[in-house]
Amino acid sequence: MKRHLIRYKMKPERADENERLIQAVFQELRAKSPDGVRYMTLRSADGTFIHLVETQTDAHSDSITGLATFKAFQSGFTDRCSEPPQRDEMAVVGSYRMLDT
């Protein structure tokens, strides 16, 4: 099982657009309900977005990146960003009612 945290900041005028694109990804995920993947996105007031992604195997990574809505989210991503993404593999140290560990 792999867990990744992706963090980046959007240009102020593009943060709402980015959020709408992410919401479309979640809508498609709910409709398709793929196994082997968990995904959560958070947004702060300053336009920083944090994505938490958990996949059971490497093959499950395509469950998100293969979605049409995710490809739409990626289109123009660099133009929307004011700070580029940082991606780190994470290990759960503790969790209380947040994630299954």
Tally time: how many residues in region 1-12 are part of a strand (DSSP E or B) and over 15 Å from PHE77 (Cα atoms)? 4
Expected output for region 20-41 (first residue on the phi > 0 side of the Ramachandran plot, partner modelled with pLDDT under 95 and assigned to a loop (DSSP other than H, G, I, E, B), Cβ below 7 Å, 6+ apart or cross-chain) is GLY36/GLN56; GLY36/THR57
With respect to GLY47, determine if the residue is more than 19 Å from MET98 (Cβ to Cβ), small (Gly, Ala, Ser) and at pLDDT below 95. no
Mind checking whether some residue in region 76-87 is of a type in the set (Ser, Thr, Tyr), surrounded by 13 or more Cβ atoms within 10 Å (Cβ to Cβ) and in a helix (DSSP H, G or I)? no
Output the residues belonging to region 31-42 that are of a type in the set (Lys, Arg) and either surrounded by 13 or more Cβ atoms within 10 Å (Cβ to Cβ) or part of a loop (DSSP other than H, G, I, E, B) (or both). ARG38
Of these, ALA24, ALA15, ALA59, ALA45, which one is farther than 16 Å from LYS71 by Cα, out of contact with any strand residue (DSSP E or B) (no Cβ under 9 Å at 6 or more places or on another chain) and assigned to a helix (DSSP H, G or I)? ALA59
Could you count how many residues in region 12-30 are surrounded by 17 or more Cβ atoms within 10 Å (Cβ to Cβ), of a type in the set (A, V, I, L, M) and farther than 19 Å from LYS2 by Cα? 4
Quick check on this structure: which one of THR55, THR48 is among the hydroxyl-bearing types (Ser, Thr, Tyr), in contact (Cβ under 8 Å) with a residue 12 or more places away in the chain, surrounded by 13 or more Cβ atoms within 10 Å (Cβ to Cβ) and closer than 19 Å to GLU13 by Cα? THR48
Scanning region 60-101 residue by residue, those small (Gly, Ala, Ser) and either modelled with pLDDT of 90 or more or more than 21 Å from GLN27 (Cα to Cα) (or both) turn out to be SER63, GLY66, ALA68, ALA72, SER75, GLY76, SER82, ALA91, GLY94, SER95
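The values are calculated or read from the model by the stated rules, or taken from the named source; none is laboratory data. Not measured: the values here are computed from a predicted model. Here Cβ is always computed from backbone atoms with ideal geometry, including for glycine, and neighbour counts include all displayed protein chains.
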